[in-house]
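The values are calculated or read from the model by the stated rules, or taken from the named source; none is laboratory data. Quick caveat, the model's predicted, so the values are computed rather than measured. No Cβ is skipped: glycine too gets one built from the backbone with ideal geometry, and neighbour counts run over all protein chains shown. All accessible areas refer to the heavy atoms of the entire protein, side chains included, with ligands and DNA or RNA removed. Shrake-Rupley method; radii C 1.70, N 1.55, O 1.52, S 1.80 Å.
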Amino acid sequence: MNPRDISSLRHDLRTPLNQIMGYSDLIREEMQDAGIKDYEADFDKVTRASKNLLELIDRYVSTRHLAIIAPFSESDVSPAPTPDPHPISEPHGESGPSVQNGRGHLLVVDDNPANCDVLMRRLQSAGYSVRDAHAGAQALDMLRKEPFDLVLLDVLMPEMDGCEVLMTLKKDADLRHLPVIMVSALDELGQVVRCIEAGADDYLTKPVNPTLLHARLGSSLDRKRLRDQEQRIFRELQLTQQKLEKELAEAATYVRTQLPPPLTEGRITARWKFEPSSTLGGDAFDYFWLDDSHFAFHLLDVCGHGVGAALLSLSALHAIRSRALAHVDFYKPEEVMQGLNLSFAMEQHHDMYFTIWYGVFDTASRTLCYASAGHPPCIMFPPGGPCQSLRTHNLIVGYMPNTRFTSASTPVPEGSQLYLFSDGAYEIRRPNAPMMRLADLEKFLSQKGGTPDMLDELVATARREQGSNILDDDLSMIDFKFN
């Protein structure tokens with residue numbers, strides 16, 4: 001006889017004894033509730049006899065007794081424990097706090113209808129909603145059609161045993177998190193380990209101890225409730241995130257509509273690239289004619305990213321575009337800086353500040369007057385000459401209300417190429433090399449400047465050097481041609 005047959009035999013011998021003990025406990029509880037105590041001694045005898053038989057089965061139905069189960073005497077059996085004169089009644093009807101918190105909809109799976117009946121009666125008396133299945137395939141079908149909170153699953157069943165049912169559940173994305181407590185007449189360590197490794201939450205042996213049963217149910221259902229709550233919160237967060245992403249995408253679309261269209265012909269042409277590091281960035285830029293002969297252009301970069309930075313950048317952009325800064329001559333870059341500094345003080349805008357480069361080109365004299373406040377220089381490539389860095393050393397906008405700003409000017413030869421950008425165009429962190437610097441951008445512009453795909457190649461280079469499609473900082477650049 002092989003070990004598997006021995007296990008099956010032990011299971012078959014133990015099953016009716018477990019049923020006898022289960023029904024005895026249920027009847028005893030019902031009689032206690034009714035105040036009938038005349039039969040307590042008889043129930044004790046049934047329980048002791050059943051336990052003695054279970055002990056004999058465990059002792060003699062083993063690999064050491066394959067051929068003959070020898071006769072035995074009373075001395076072979078350990079004396080049954082003296083019953084407690086004041087037994088603690090098991091939870092039933094109105095249960096204690098742990099059971100109260102553990103009520104749910106349960107599925108009992110056992111190929112023996114009597115086993116199901118015993119366990120269902122006990123669970124129903126404790127306030128659980130219970131259904132039963134007598135085969136593994138039937139149980140899986142019910143679980144896919146009906147929401148259950150927990151499964152009490154017998155190990156030894158024909159055709160599809162409990163461990164196979166368990167493994168099938170764990171492969172199902174919709175059912176893998178359902179708590180499963182294995183129940184079996186066998187208490188062999190190998191079976192326990194196999195079920196736990198397959199994903200069982202717990203393991204109970206028959207006859208099931210009522211107190212232990214309720215404790216394990218309460219614990220498993222509490223964990224399920226917590227996970228269900230986490231899943232609900234997660235789904236709500238997902239919906240909120242999707243709504244927020246949609247709103248941010250709409251806001252980003254609006255931000256782009258506020259940027260100027262490219263200039264493809266005329267005395268000055270302009271094309272640009274705007275790649276925010278998140279859905280909303282803190283960069284903003286504009287260019288427009290102050291009159292027929294004066295062309296103004298600027299780019300500003302608000303600290304940080306997101307909604308706050310985008311709102312501040314648009315506010316500053318519209319203040320310049322609508323010329324809403326009081327007592328400011330927009331032909332003079334230093335006055336524009338002064339007006340912005342007074343209107344956008346950090347303490348009035350959640351401690352946010354911004355850098356800016358602002359210039360005005362006089363087409364008659366071909367002179368560019370400009371000022372920068374903490375911003376990278378504008379790079380100019382005159383025809384046939386070396387590049388020039390155009391910047392003034394002023395503090396960032398919004399830092400100190402009494403800051404005085406200075407400007408500078410330079411001639412712009414016909415055919416000059418100017419590049420105005422944010423620091424995200426060159427301050428690029430590389431995983432296996434030092435951060436890129438302004439000199440690297442100047443080298444790139446000297447090689448690629450003026451080519452049709454230069455702006456797209458700049459963004460591709462930044463992503464490649466950083467090793468990610470999502471940039472660490474907003475990247476903006478305007479490519480001007482002064483004809």
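Only residues of the range 104-119 count here: report those whose backbone N is under 19 Å from the spot 7 Å along Cα→Cβ of Gln138, or say none.
106-119
Quick one: net charge around Met142, please, counting Lys, Arg +1 and Asp, Glu -1 for every other residue with C-beta under 14 Å from its C-beta. Please list the in-between numbers first.
Working: positive: Arg131, Arg144, Lys145; negative: Asp110, Asp132, Asp141, Glu146, Asp149, Asp172, Asp174.
Counting the neighbours of Met142, the net charge comes to -4.
Please say if the range 337-440 is rounded, prolate or oblate, where rounded means a/c under 1.5 for a ≥ b ≥ c the square roots of the C-alpha gyration tensor eigenvalues, and otherwise the choice is prolate for a/b larger than b/c and oblate otherwise? Each step should come with its number before you reach the end.
On the way: a/c = 3.00, a/b = 1.16, b/c = 2.58.
In terms of gyration-tensor shape, oblate.
Can you tell me which lysines have their Cα less than 18 Å from the Cα of Lys145? Leave out same-chain residues fewer than eight positions away.
Leaving aside lysines fewer than 8 places away in the same chain, those within reach of Lys145 are Lys170, Lys171.
With a sphere of radius 12 Å drawn around the Cβ of Glu427, what net charge do the other residues whose Cβ falls strictly inside it have (Lys, Arg +1; Asp, Glu -1)? Intermediate values should be presented prior to the final figure.
Values: positive: Arg429, Arg430, Arg437; negative: Asp301, Asp423, Asp440, Glu465, Asp472, Asp473, Asp474.
After counting each charged neighbour, the total is -4.
If one computes the Cα centroid of the range 388-440 and of the range 318-385, what distance in Å separates the two points?
Spelled out, the Cα-based centre of one part sits 12 Å from the other.
If I stretch the segment between Ser315 and Lys145 completely, what's the gain in nm (0.36 nm per residue apart, minus their alpha carbon distance), one decimal? The partial results should precede the final answer.
Working: separation 170, 0.36 × 170 = 61.20 nm, distance 5.61 nm.
Once the chain is fully extended between Ser315 and Lys145, it gains 55.6 nm.
Of all the accessible heavy-atom surface of the range 170-324, with the other protein chains kept in place and a 1.4 Å probe, what percent is carbon and sulfur?
Values: 4310 of 7890 Å².
Accessible surface attributable to carbon and sulfur in the range 170-324 totals 55 percent.
Based on the Cβ-Cβ distance from Met160 to Asn432, what FRET efficiency comes out when R0 is 56 Å, to the nearest 0.05?
0.55
Using Cα centres only, tell me the gap between the range 216-280 and the range 105-167 in whole Å.
A separation of 44 Å, based on Cα centres.
On a straight-distance basis, which aspartates and glutamates could pair with Lys224 in a cross-link, Cα separation under 13 angstrom, same-chain partners fewer than 8 positions away excluded?
Asp149, Asp201
Can you send over the solvent-accessible area of Ser416, 1.4 Å probe, protein chains only, in Å² to the nearest 10?
Near enough 0 Å² of accessible area.
How much accessible area does Val255 have with a 1.4 Å probe, in Å² rounded to the nearest 10?
Approximately 10 Å² of Val255 is accessible to the 1.4 Å probe.
What do you get for chymotrypsin sites (Phe, Trp or Tyr not before Pro) in the range 333-400 restricted to DSSP loop and a cutoff of at most 15 other Cβ within 10 Å of the site's Cβ? Don't jump to the answer; show the numbers that get you there.
Details: sites: Phe344, Tyr353, Phe354, Trp357, Tyr358, Phe361, Tyr370, Tyr399; in loops: Phe344, Tyr353, Tyr399.
Qualifying residues, ordered by number: Tyr399.
Within straight cross-link reach of Lys37, meaning Cα distance under 16 Å, which lysines are found once same-chain residues fewer than 8 apart are removed?
Result set, ordered by chain and number: Lys45.
Within the range 200-254, list the GluC sites (Glu not before Pro) lying in a DSSP loop whose Cβ has at most 14 other Cβ atoms in a 10 Å radius.
On the way: sites: Glu230, Glu236, Glu245, Glu247, Glu250; in loops: none.
Passing sites in the range 200-254 do not exist.
What distance in nm lies between label points placed 7 Å from Cα along the C-beta direction at Glu40 and Leu395?
9.0
About the Cα centre, and with charges only on the beta carbon of Lys, Arg (+1) and Asp, Glu (-1), how big is the dipole of the range 187-259? Nearest 20 debye, please. Could the numbers behind the result be given before it?
Values: 12 positive and 12 negative charges, 42 e Å.
For this selection, approximately 200 debye.
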